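Data first, discussion second: the structure below is written as structure tokens.
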Amino acid sequence: MPKKIKENVINKLEIFINDLMDERLNNHSSSGKFSAYRSINISGDIRAIYKVDKDNIAIFIDIGSHSKLYS
């Protein structure tokens, strides 16, 4: 992963930890094979897919471009 994307991931995770519904994350339900998950925007076309388990812990399962994740 390029350094700039890694920096964006760290920044967005800090926001997520403080408020997972912060509008800068564009937190939304996913569809298709990820319909049981949610997605946040990392930067431009990069998304992180996660779900919250029964103990209210966020588990990230994938990160990548929109086309990579949803194709």
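Values quoted throughout were computed directly from the atomic coordinates according to the rules given, and no laboratory measurement underlies them. Here the structure is a predicted model, which means the values were calculated and not measured. Neighbour counts are summed over all protein chains in view; Cβ atoms, including those assigned to glycine, are modelled from backbone coordinates with ideal geometry.
Taking loop as defined by DSSP and a crowding limit of 10 other beta carbons within 10 Å, which trypsin sites (Lys or Arg not before Pro) in the chain fit? Could you put the intermediate results ahead of the total?
Working: sites: K3, K4, K6, K12, R24, K33, R38, R47, K51, K54, K68; in loops: K54.
Hits after loop and neighbour filter: K54.
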* Cα-based reach from K4 at 18 Å (exclusive), listing lysines while leaving out same-chain residues under 8 positions away -> K12
* Asked: PRE reach from K6 (point 7 Å along Cα→Cβ): which of the stretch 34-71 fall under 17 Å by backbone N?
  -> 43, 63-64
* Asked: Got a sec to turn the phi values of the stretch 12-29 into Karplus ³J(HN,Hα) couplings, 6.51 cos²θ - 1.76 cosθ + 1.60 with θ = phi - 60°, whole Hz, x for Gly and Pro?
  -> 5, 5, 4, 5, 4, 4, 7, 6, 5, 9, 3, 4, 5, 8, 6, 5, 8, 5
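Treat every Asp and Glu Cβ in the chain as -1 and every Lys and Arg Cβ as +1, leave all other atoms uncharged, and give the resulting dipole magnitude about the Cα centre to the nearest 20 debye. Working shown, then result.
Numbers: 11 positive and 9 negative charges, 62 e Å.
With Lys and Arg at +1 and Asp and Glu at -1, about 300 debye.
Take every Cα pair under 8 Å in the chain that's 6+ residues apart, average their separations, divide by the length, and report that relative contact order as a whole percent. Display every interim value, and only then the final one.
Details: 90 pairs, mean separation 13.5, N = 71.
Contact order relative to length: 19 percent.
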* Give the cross-link partners of K33 among the lysines, using a straight C-alpha distance below 21 Å as the criterion and excluding same-chain residues fewer than 8 apart. => K51, K54, K68
* With volume of the Cα convex hull per residue in Å³ defined as stated, name the option among (1) 62; (2) 85; (3) 243 computed from the structure displayed. => (2)
